[in-house]
Amino acid sequence: MVSGASENDNRMAESPTRFGTIALMPVDIDIAKVAKLARLALSDAELETFGTELGDILEHAERVQALPTDGVPPTSHPLPMVNAFREDKAGECLDPDSFLGEAPDTAEGQFRVPRILG
Amino acid sequence: MADLADLTLTEAGAGLRAGEFTSRDLLEAVTKRASATEAHLHAYLTLDHEGAERAAEAADESFAKGEDIGPVQGIPIALKDNMCTLGVETTASSKILDGWKPPYDATAVARLKEAGAVITGKTNLDEFAMGSSTENSAYGATRNPWNTDRVPGGSSGGSAAVAAVGSAFGSFGSDTGGSIRQPAALTGVVGMKPTYGIVSRYGLIAFASSLDQIGPLSRSVEDSVLLLETVSGFDPRDATSINAPVPNFGGSLDTGVKGMRIGVVTEFMGEGIDPQIISATRAMADRLQDAGAEVVEISLPSTEYALSAYYLIAPAECSSNLARFDGVRYGYRAEVEGTTEDMMARSRAEGFGPEVIRRILLGTYALSAGYYDAFYGQAQRVRTLVRNEFSAAYEQVDALVSPTTPTTAFEMGEKTADPISMYYSDLCTIPSNLAGDPAISVPIGLDDADLPIGFQVMAPALGEEVMYRVAAEVERLADFTARAFLATSEVMSP
């Protein structure tokens with residue numbers, strides 16, 4: 001397994017902020033595992049490059065950990081809405097030919113893919 | 001007669017109604033402008049000549065019959081290539097969608113067509129709207145019409161360049177962290193991000209769903225209002241669409257700022273911002289004060305963390321949204337011996353460009369077990385703090401103002417090797433996306449390299465009328481009449 005960000009492993013960063021110096025969580029990236037989770041078939045060289053870049057970006061992004069947020073609720077969405085309902089009524093559908101024609105491979109009115117099992 | 005392509009949308013609409021020219025004349029003028037500028041700019045990815053001509057003819061027939069269905073009837077308008085257009089190639093500037101023709105129109109596109117607009121074509125962007133320079137396009141970069149060695153900003157760089165040179169009378173982009181306002185600032189046009197939920201996202205190829213909004217780019221504040229009005233309003237196809245009457249956006253354009261309280265954001269007037277931009281912003285704030293507003297300093301300390309929070313939230317959402325591009329239902333499929341999963345992983349690695357891959361990896365990591373709370377969860381709590389600070393500020397002031405960008409247009413290639421320096425381009429624009437509030441960039445002058453400077457006006461959610469009221473006064477005070485070099489007569493009539 002390739003770890004492109006080995007120089008970032010097991011490192012405890014310190015970030016000076018207006019709230020004082022706060023110990024941050026170490027950025028520990030198993031870049032090959034992340035690429036597999038993301039379904040990206042990257043070469044070893046690409047993993048190395050992206051791993052290093054990700055380490056740098058995360059080092060910056062982890063500054064968010066320096067803000068005290070005890071008791072602050074997360075915002076996942078800017079609107080104070082919980083759900084959007086509509087009447088349970090059948091509506092118009094796209095004609096299958098309109099999108100099957102745009103697919104890389106189809107058969108018998110369905111999307112066709114290579115074998116599923118290895 | 002002056003070149004029709006130099007008119008604002010409002011002027012073009014008035015001329016159509018006065019019978020001075022036809023929609024076909026307008027289309028011919030912008031098509032000519034596109035032929036003169038595209039070789040230098042590469043702002044358009046697709047020009048839909050046939051569709052545009054049909055729409056212009058239909059508009060002229062309507063006018064001839066005395067039908068008038070609104071301000072964009074017969075007006076040529078361009079669309080960012082991440083907005084789905086029925087039967088017209090939509091790529092989001094990605095190889096993974098090369099050649100894809102959507103089977104439906106985005107709601108915003110459908111509303112423009114229903115309102116009689118003439119869609120000229122699709123404009124270049126950073127792949128999947130990820131970037132701040134329109135250099136991350138699988139089809140080549142767009143250049144800045146003020147200086148072609150410079151970037152036009154991004155990700156809506158094509159839409160901004162088109163509005164700046166007059167190869168359409170206005171355009172639409174999408175803004176996730178500043179992707180409308182930043183390129184508008186860098187190309188000297190007006191660019192506006194609406195309140196989240198005002199414009200349907202149905203048919204906008206998703207980047208970060210809790211932040212994305214479609215909005216207009218134009219050559220005047222009044223044009224911006226007309227374009228926004230055309231696409232706004234509830235859409236049952238977007239679960240985050242606001243189900244309420246659309247507020248009056250342009251009702252106070254002529255009111256002026258007398259009696260208003262306007263806050264200058266302290267954090268965006270110091271370190272990290274070009275001194276020329278700070279002094280231009282300060283001078284405009286002083287003029288707003290002279291025009292009768294009470295201008296005060298407002299500190300928003302959590303904005304210091306907004307950029308970091310954004311670069312966790314946006315990639316997290318993008319890694320989820322872009323999972324749909326897997327070589328099965330549309331777009332690029334890699335030829336591989338192996339299983340479906342092998343095909344998907346290879347198609348994605350070959351089909352996505354480096355910035356998209358970088359953000360998918362970042363988002364996947366930030367959402368993965370063991371890191372979720374420290375990164376994504378914490379970023380969402382910081383988002384709450386940013387929103388709370390904005391809400392508190394709007395108890396003291398009617399609107400906030402700041403520079404739109406830390407610098408004017410930078411050199412092509414200057415930031416491509418350093419993702420973090422590119423991310424800083426969105427420093428002043430990201431907080432409005434996190435808060436879900438409306439914000440607009442208005443050009444107020446040129447720096448000493450003759451590059452445009454943008455001035456940002458922010459308002460609370462659904463405060464578009466207040467935002468436009470201030471923006472209109474800024475536009476009057478700035479009296480910005482300079483034109484991009486590529487739109488000047490020396491280029492137009494060689």
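List the relative contact order of region B:376-442 as a percent without decimals, with contacts defined as Cα pairs under 8 Å and 6+ residues apart. Could the numbers behind the result be given before it?
Working: 28 pairs, mean separation 27.2, N = 67.
Normalised by residue count, the contact order of region B:376-442 is 41 percent.
Helices in chain B that qualify as membrane-span-like (whole DSSP H runs, Cα extent of at least 15 Å along the helix axis, mean Kyte-Doolittle hydropathy of 0.5 or higher) are B:221-231, B:354-367.
Excluding same-chain neighbours fewer than eight residues apart, the aspartates and glutamates reachable from B:K65 by a Cα-Cα span under 19 Å are B:E20, B:D25, B:E53, B:E57, B:E114.
Of interest is the spacing of the C-alpha centroids, which for region B:357-391 and region B:223-249 amounts to 29 Å.
Dividing the mean sequence gap of close Cα pairs (under 8 Å, 6+ apart) by how many residues region B:151-289 holds gives a relative contact order of 19 percent. Roughly speaking, what % of Cα-Cα pairs in chain B are separated by over 42 Å, rounded to a whole number? Looking at chain B, the distances longer than 42 Å represent 11 percent of pairs. Across chain B, C-alpha contacts under 8 Å between residues 6 or more apart give a mean separation that, scaled by the residue count, equals a relative contact order of 18 percent. For peptide B:382-395, the mean count of partner chain Cβ atoms within 10 Å of a residue's Cβ comes to 2. Here region B:298-425 is treated with +1 on each Lys and Arg Cβ and -1 on each Asp and Glu Cβ, and its dipole about the Cα centre works out to around 220 debye.
Between B:D98 and B:D25, the FRET efficiency from the beta-carbon distance, with R0 = 41 Å, is close to 0.75. With viscosity set to 0.890 mPa s and temperature to 25 °C, compute the Stokes-Einstein D of region B:80-236, Rh being the Kirkwood radius across alpha carbon pairs; µm²/s, no decimals. Rounded, D is 165 µm²/s.
For the residue pairs B:K101/B:K122; B:K95/B:K193; B:K113/B:K193, alpha carbon separations beyond 19 Å are given by B:K95/B:K193; B:K113/B:K193.
In what sequence, highest mean first, do B:342-351, B:177-186 appear when ranked by Cβ atoms within 10 angstrom? Write out the running numbers ahead of the final one.
Working: B:342-351: 21.4, B:177-186: 35.0.
Descending packing order for the listed peptides: B:177-186, B:342-351.
Place the peptides B:379-391, B:117-129, A:62-74 in order of packing, highest mean first, counting for every residue the other Cβ atoms within 10 Å and averaging per peptide. Mind showing how you got there, number by number?
Numbers: B:379-391: 22.2, B:117-129: 29.2, A:62-74: 16.5.
Taking the mean over residues of other Cβ atoms within 10 Å, the ranking is B:117-129, B:379-391, A:62-74.
We did not get these values from a lab; they are worked out from the coordinates using the rules stated. Because the structure is predicted, anything quoted here is derived from the model rather than measured. Note: ideal-geometry Cβ built from the backbone for every residue, glycine included; neighbour counts use all protein chains shown.
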